[in-house]
There are 2 protein chains.
Amino acid sequence: MWKSLLSLRIMGKRKSSQRMDFKAYLEEKRRVVDKALDSFFPGTIEPADDLFKAMRYSLFAGGKRLRPILCIAGAEAVGGSQNDVLPVACALEMIHTYSLIHDDLPSMDNDDLRRGKPTSHKVFGEAVALLAGDGLLTEAFSLMARGSETHGIEPSNLLRVIGIIADAAGCRGMVGGQVVDVQFEGKGGDLSVVQFIHERKTGALIKASVVSGAILGGGTAEEINSLSVYGEKIGLAFQISDDILDIEGDPALMGKGVGGDIERGKLTYPSAVGLEESKQFQMALVEDAIKCIESFGESAEPLRAIARYIIKRKK
Amino acid sequence: MWKSLLSLRIMGKRKSSQRMDFKAYLEEKRRVVDKALDSFFPGTIEPADDLFKAMRYSLFAGGKRLRPILCIAGAEAVGGSQNDVLPVACALEMIHTYSLIHDDLPSMDNDDLRRGKPTSHKVFGEAVALLAGDGLLTEAFSLMARGSETHGIEPSNLLRVIGIIADAAGCRGMVGGQVVDVQFEGKGGDLSVVQFIHERKTGALIKASVVSGAILGGGTAEEINSLSVYGEKIGLAFQISDDILDIEGDPALMGKGVGGDIERGKLTYPSAVGLEESKQFQMALVEDAIKCIESFGESAEPLRAIARYIIKRKK
């Protein structure tokens with residue numbers, strides 16, 4: 001019996017040292033996140049059911065679940081478990097979804113389509129869309145605050161993570177980046193402004209996703225620091241790939257029109273340094289990110305695959 | 001020496017048993033809250049300084065600071081101290097301010113004036129105003145999450161309070177009430193709908209303010225429960241007084257026009273049950289609220305004065 005257990009362990013090791021099946025990994029994690037999001041989603045209250053419908057409509061509109069998956073992968077990279085981070089992972093997706101609803105509003109980017117579907121304000125009207133965004137943002141904090149009660153997360157770790165995520169989402173992070181993004185439309189600006197926007201508008205929450213996972217997964221200070229640099233680099237790479245997709249992407253795959261950035265005079269990497277240099281910079285960022293987590297071994301294989309996926313993605 | 005200390009204690013007792021100087025109390029607490037809000041306010045980051053200006057503009061536009069003062073008074077009623085609750089008290093004001101900015105937006109109530117000043121979107125434009133609201137809401141959670149670090153608040157108590165406040169502000173609370181308020185404009189509705197709106201749109205955060213103070217101040221379960229009922233009753237009374245001021249108030253004192261509710265066909269208490277019955281109901285609520293905290297003695301005198309003030313206020 002010991003012999004067979006030993007051979008199982010060796011087989012397990014052999015198997016995990018092969019390159020992982022990343023597509024299957026993403027699908028599995030997406031399923032987990034979708035199920036958890038559904039279970040965490042608050043029950044509707046009459047007569048406010050339009051609000052709950054609007055929150056659900058955007059939350060289940062086919063998102064990639066990149067931030068929750070990064071949070072889970074961050075935890076698993078330091079030996080933590082998926083269950084430790086599920087409320088925080090789902091809260092990150094709620095915050096991301098709120099930001100998309102508000103970005104799409106007429107007073108912001110005025111977008112009619114998102115992921116191939118009419119945007120929230122097109123379906124529910126501006127007032128309900130605005131409030132659905134507010135509702136998702138606030139619900140994210142409610143969900144996280146209950147994480148000790150529901151998932152046994154250590155209270156001071158949980159508070160630390162809530163603070164990091166609030167900073168990444170707020171005026172020093174995503175909201176700050178969005179203000180500058182809107183205000184510099186059509187005005188041009190140098191690379192430092194583009195970097196300010198990208199690091200905050202997209203980068204900050206992506207970085208916070210990995211870092212939160214690492215903290216809740218029980219990572220050491222050194223591990224958390226490495227994953228923070230990893231997150232910073234893939235966050236920036238992700239936004240640059242967004243810029244590139246807006247030029248070279250396939251509208252059918254992306255579920256929205258392309259060329260919008262140029263039309264609006266948005267500050268992007270390609271607009272600041274050209275398409276080729278943007279691609280090279282993006283590749284260098286992904287290489288750097290993978291280097292940051294070299295010492296992590298097999299457990300960080302999903303994070304490496306995510307970094308590579310960021311360049312290859314078509315939507 | 002013992003004799004003089006004793007006489008001081010007796011004098012102190014005699015003094016505190018007289019009816020308190022409520023005006024001086026409010027002024028003192030407002031000063032404390034304003035100073036704390038200023039010290040907690042995040043430093044601006046170029047080139048996003050319009051965002052920080054807009055957040056500051058609304059946060060320091062002359063608010064009554066009712067919610068932070070209720071939070072402090074709730075803590076003091078159960079023997080806690082002001083210092084224990086300052087981050088949470090200030091976060092409550094940030095959440096309240098965000099809700100006013102979003103309520104005033106063209107797609108919502110489309111108001112041009114608030115507290116005698118042009119509303120945020122009139123000064124900064126719709127996009128920045130929307131984002132200033134998002135920024136304040138998110139900053140509130142950042143501020144609370146750091147309360148253990150900065151003010152030594154016990155982590156599990158802090159998480160409990162963050163959860164209560166998020167629920168009061170979110171889809172089951174303020175945001176839910178606001179959706180119904182907007183959707184029922186001009187459509188009429190019975191008293192149950194008015195109650196739904198008022199309990200959530202205004203009542204929920206007021207109740208959460210007192211309850212948070214009581215929890216962080218170290219109140220017993222029984223004390224917290226009594227203060228929760230107190231908060232519920234004055235919260236509803238406060239919104240009814242808002243409805244009444246919209247009919248009978250002095251625009252010069254209020255810093256905004258009156259009659260807006262009727263013009264828009266808003267569902268209010270007076271529209272549902274008439275002005276006289278609204279006034280009687282409001283008075284009964286305040287009496288009930290004071291009765292709930294009868295057993296608290298001197299330490300709850302500010303809470304009693306706040307309950308009385310709600311009926312008498314002119315703005």
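No value in this document is a laboratory result; all are computed from the given coordinates. Treat the numbers as computed from the prediction; the structure is a model and nothing was measured. Ideal geometry is used to build each Cβ from the backbone, glycine not excepted, and the neighbour counts take in all protein chains shown.
How are the C-alpha pair distances of segment B:36-130 spread across 10 Å bins, as whole percents from the shortest bin up?
Spelled out bin by bin, segment B:36-130 gives 16, 42, 29, 12, 2 percent.
Whole number please: convex hull volume per residue of the Cα set in segment B:88-241, in Å³?
On the way: hull volume 18.2 nm³, N = 154.
Output value, Cα hull per residue: 118 Å³.
For chain B, give the magnitude of the charge dipole about the Cα centre (Cβ charges: +1 Lys/Arg, -1 Asp/Glu; no others), in debye to the nearest 20.
Rounded to the nearest 20 debye, it is 1260 debye.
With each run of n ≥ 4 DSSP H residues scored as -39500 (n - 2.57), what mean residue ellipticity at 222 nm is computed for the protein assembly as shown after dividing by its residue count and rounding to the nearest 500 deg cm²/dmol?
That calculation yields -23000 deg cm²/dmol at 222 nm.
According to a simple spin-label model (label point 7 Å from Cα along Cα-to-Cβ), what is the distance in nm between A:K187 and B:K291?
Those two pseudo-labels are separated by 5.9 nm.
Taking the label point 7 Å from Cα in the Cβ direction, how far apart in nm is A:N110 from each other copy of itself, listed shortest first?
Ordered by distance, the counterparts are at 1.7 nm.
With just the Cα atoms defining each centre, how far is segment A:43-84 from segment A:133-153? Give it in Å.
11 Å
Taking the number of other C-beta atoms within 10 Å as the exposure measure, put B:C71, A:C90 in order starting with the fewest.
A:C90, B:C71
Select the chain B residue whose beta carbon lies nearest to the rotation axis carrying chain B onto chain A, and write the distance in whole Å.
Here the value is B:P155, 2.
Can you bin every Cα-Cα distance in chain B into 20 Å intervals starting at zero and give me the percent of pairs per bin, rounded to whole numbers?
32, 58, 9, 0
Provide A:I290, A:I153, B:I72 in ascending order of the number of other Cβ atoms located within 10 Å of each residue's Cβ, fewest first.
The fewest-first ordering by Cβ neighbours comes to A:I290, A:I153, B:I72.
List the aspartates and glutamates whose alpha-carbon lies under 13 Å from that of B:K315, not counting same-chain residues fewer than 8 positions away?
Those aspartates and glutamates meeting the cut-off are B:D242, B:D243, B:D246, B:E248, B:D250.
With charges set only on the Cβ (+1 for Lys and Arg, -1 for Asp and Glu), what does the dipole of the protein assembly as shown come to about its Cα centre, in debye to the nearest 20?
Details: 78 positive and 86 negative charges, 267 e Å.
Charge dipole, the protein assembly as shown, about its Cα centre: 1280 debye, nearest 20.
Using modelled backbone amide H atoms (1.01 Å from N, in-plane), which distant-in-sequence or interchain residues come within less than 5 Å of B:M108's amide H?
Sorted by chain and number, the residues that satisfy this come to none at all.
Calculate the dipole size of segment B:118-273 relative to its Cα centre from +1 charges on Lys and Arg beta carbons and -1 charges on Asp and Glu beta carbons; express the result in debye to the nearest 20.
220 debye
Checking the table A:K279/B:K53; A:K207/A:K266; A:K29/A:K233 against a 27 Å threshold on Cα-Cα, which pairs fail?
A:K279/B:K53
Where does the charge balance sit around A:Q178 when Lys and Arg score +1, Asp and Glu -1, over other residues with C-beta under 11 Å from its C-beta?
Values: positive: A:R200, A:K201; negative: A:D103, A:D109, A:D181, B:D134.
Charge balance near A:Q178 sits at -2.
For segment B:230-297 and segment A:236-315, write down the distance between their C-alpha centroids in whole Å.
54 Å
If I take every Cα pair under 8 Å that is 6 or more residues apart in chain A, average their sequence separation and divide by the length, what percent do I get for the relative contact order?
21 percent
Which of B:F124, B:F40 comes first, and how do the rest follow, when ranked by fewest Cβ neighbours within 10 Å?
Least crowded to most crowded, the residues run B:F40, B:F124.
Please pull out the direction-averaged projected area of segment B:175-315, using the convex hull of its alpha-carbon atoms, in nm² to one decimal place.
Its average projected convex-hull area is 8.7 nm².
Using C-alpha positions alone, give me the convex hull volume of the protein assembly as shown per residue in cubic angstrom. All intermediate terms of the calculation are to be shown ahead of the outcome.
Values: hull volume 112.7 nm³, N = 630.
Output value, Cα hull per residue: 179 Å³.
Put a label point 7 Å from Cα along the Cβ direction on B:E28, then list its distances to the equivalent points in the other copies in nm, shortest first.
6.3
Which residue, A:A91, A:V32, A:M108, has the largest displacement toward the positive end of the dipole of segment A:21-312 when charges sit on each Cβ (Lys, Arg +1; Asp, Glu -1)?
Farthest towards the positive end: A:V32.
Can you work out the Karplus-derived ³J(HN,Hα) for every residue in segment B:108-114? Use 6.51 cos²θ - 1.76 cosθ + 1.60 with θ = phi - 60°, whole Hz, and x for glycine or proline.
10, 7, 6, 9, 8, 10, 8
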